[in-house]
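To start, the structure under review is shown below, and the notes come after it.
The values are calculated or read from the model by the stated rules, or taken from the named source; none is laboratory data. Quantities reported herein were computed from a predicted structural model and do not represent experimental measurements. Ideal geometry is used to build each Cβ from the backbone, glycine not excepted, and the neighbour counts take in all protein chains shown. SASA here: full protein model, heavy atoms, side chains in, ligands and nucleic acids out. Shrake-Rupley method; radii C 1.70, N 1.55, O 1.52, S 1.80 Å.
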Amino acid sequence: MKKTYALVLAAGKGTRMKTELPKCAFPILKKPMIAYIVEKLERSAIDETVVVVGHKKEVLKDILKDRVTYVEQTEMLGTGHAALQAEAVLADKEGVTLILPGDMPLMPVKLTNKILQAHETMGNDLTVVSMTFNNPKSYGRIVRDKYGMVSAIVEDKDCSDEQKHIKEVNSGVYVVNNKILFKILKQIKLNDRKGEYYITDMIALMKHDYKVGAFGVYDAHLMMGVNDLYSVSVAERYLRDEINKGHMLSGVQMVAPNTITIGHNVIIEPGVTIMPNTTITGLSTVREGSVIGPNTEIHNGNIDEYCQVKHSLIYDSIVGAHTTVGPFAHLRNGANIGDHNRVGNFVEVKNSTTGSGTKAAHLSYIGDSEVGSRVNFGCGSITVNYDGVNKHKTKIGNDVFVGCNVNMVAPLEIGDEVFIAAGSTVTENVPKGSLTIERGQQINKDAYFNNLIKPKAKK
Ligand code: UD1
Ligand code: CA
């Protein structure tokens, strides 16, 4: 049966990136480039995806698992050589192959389908996807003959002075009929300057005997190749704008959206306001009426309705409805804050739950704790959860008043309706309804200044 295949070239090192990670695994808004590509191919008209891996292949395989078929390029001998490695899996298959680089994360599903459709409609044997850039530097130029037909692709470094002015460039995406593809790839000669086989040479090799055409893409940025850390930032900017626009059109207000980064899987309900310098990523949800930011980072956070989160960090945590967080609070590692809570200035909560209406307004640490409802943590009160070797749990009941600067040394259980006097270091369980005081007796020494300090100062 005639099928549509995708062949992703992702074996290269990405020398221009100057990073440890192989280029195609490099994250754009915290998601590897190659994951964008494969996800979109899965949602397109492509039936099967083959990925050419090579440099640090384990890293890519770890990202894509068994979602694709792998072929290996053991020596990095260029894009033509990379594509040829798929001969064993694709040559006998009836159909067409969409060849694309693994460094082009922005190409939308719709456009992929449009390209495949255009190839079919034009009745081409090879379709190259081109776009026009005012600054075409670093891209291969599309050379056309006097009839306007595509006759060759010349790499930037191989261009004559005249060719350097050509603004129509090669996107690196091609659709080729399978039967012809591998026959032509084998005819490509080594480029002496670079010591590589260029896939782009297919055009000149096919122009006489086959039907070769170009499909121009108007939104050139959708086809940008990411080659260095500057282009990473450009791709992130486009992606950020696109995501933010989607949220704004569905009723999320964003103040200074160019400073706001929202990840792909984040759900934000209409009626939410996001303030400047805010990043929300991972599997995060923000429910209606909440105001997030400014200067806030949330990763895997669930923020219920009508919350306020200012100048704060929230990782892997849940915030109940009508709760205020910050300024300068830090929730992490499974903090599960109840509704109508206040997690205030310089308060850190880790791996702890709180009931409804609990407040820690200033300078507290709550770790490995189970806290009830309507508990008030005085300024500077903390759970002492770590004995230098192990972490221990603190359990605090409902309606507890913890005075300022209290240390609650875990393991510890504090019953309901307990008062703990300011400055106490509590090491033993406190029963329901009691007041606990643990501190030295205050001693006031009369006339201390006049009798002791003043006479000495006179000498
Ligand atoms: C390539 C095109 C250029 C085009 C540009 C578009 C060639 C010779 N040039 O240049 O005309 O304008 O893309 O972005 O094709 N790869 C391998 N094995 C290799 C070499 C590369 O798998 O031996 C993979 C890379 O991992 C990468 C892709 O092929 O994902 C493209 O390689 P890259 O070096 O980025 O090509 P460009 O120089 O950008
Ligand atoms: Ca590239």
Quiz item: So between GLN163 and VAL255, what do we pick up on full extension, going 0.36 nm a residue minus the alpha carbon distance?
Solution: 28.7 nm
Quiz prompt | Computed helical MRE - 222 nm, the chain, DSSP H runs ≥ 4 contributing -39500 (n - 2.57), nearest 500 | solution = -5000 deg cm²/dmol
Self-check item: Efficiency of FRET from Cβ geometry, GLU72 and ASN333, R₀ 51 Å, rounded to 0.05
Solution: 0.85
Quiz item: So, in Å, what gap is there between the alpha-carbon centers of segment 119-188 and segment 254-308?
Solution: 43 Å
Quiz prompt | Å² per residue, accessible surface of the chain at 1.4 Å | solution = 49 Å²
Quiz item: For the chain, what relative contact order do you get, as a whole percent, if you take Cα pairs closer than 8 Å and at least 6 residues apart?
Solution: 8 percent
Quiz prompt | Cα pair distances exceeding 22 angstrom across segment 1-149, given as percent | solution = 43 percent
Quiz item: Rounded to the nearest 0.05, what FRET efficiency do ASP92 and LYS13 have when you use their Cβ-Cβ distance and R0 = 41 Å?
Solution: 0.85
Quiz item: Under the Kirkwood approximation applied to all pairs of distinct alpha-carbon atoms, what is the hydrodynamic radius of the chain in Å?
Solution: 26.3 Å
Quiz item: Which of the aspartates and glutamates could a cross-linker span from LYS56 if the Cα-Cα distance has to be under 15 Å and same-chain partners fewer than 8 positions apart are dropped?
Solution: GLU20, GLU72, GLU75
Self-check item: Partners for LYS458 among lysines (Cα-Cα distance below 25 Å; same-chain residues under 8 apart left out)
Solution: LYS445
Quiz prompt | Using θ = phi - 60° and Karplus 6.51 cos²θ - 1.76 cosθ + 1.60, couplings along segment 312-327 (whole Hz; Gly, Pro as x) | solution = 9, 10, 10, 10, 6, 9, 10, 10, x, 4, 6, 9, 10, 10, x, x
Practice problem: Please sort 15-21, 154-160 by packing, taking for each peptide the average over its residues of neighbouring beta carbons within 10 angstrom, highest first. | Solution: 154-160, 15-21
Quiz item: P(r) for segment 259-332: what percent of alpha-carbon pairs falls in each 5 Å bin, starting at zero?
Solution: 5, 20, 33, 33, 9, 1
Quiz item: How about LYS359: which lysines have a C-alpha closer than 23 Å to its C-alpha, ignoring those fewer than 8 places off in the same chain?
Solution: LYS310, LYS350, LYS393, LYS395, LYS432
Self-check item: Quarter of the Cα convex hull surface for segment 231-378, i.e. its orientation-mean projected area (nm²)
Solution: 7.6 nm²
Quiz item: Ranked highest first by the average count of other Cβ atoms within 10 Å around their residues, in what order do 338-345, 255-262 fall?
Solution: 338-345, 255-262
Quiz prompt | Principal semi-axes in Å for segment 44-109 [√(5λ), Cα gyration tensor, largest first] | solution = 18, 16, 13
Quiz item: Where in segment 163-266 are there trypsin sites (Lys or Arg not before Pro) that are in a DSSP coil and have at most 12 other Cβ atoms within 10 angstrom of their Cβ?
Solution: LYS186, LYS189, ARG193
Practice problem: Rounded to the nearest Å, what's the spacing between the alpha carbon centres of segment 191-230 and segment 18-78? Just the number, please. | Solution: 19 Å
Quiz item: Quick one: of the DSSP bridges fully inside the chain, what percent are antiparallel, nearest 5?
Solution: 20 percent
Quiz prompt | Antiparallel content of DSSP bridges confined to segment 1-118, in %, to 5 | solution = 10 percent
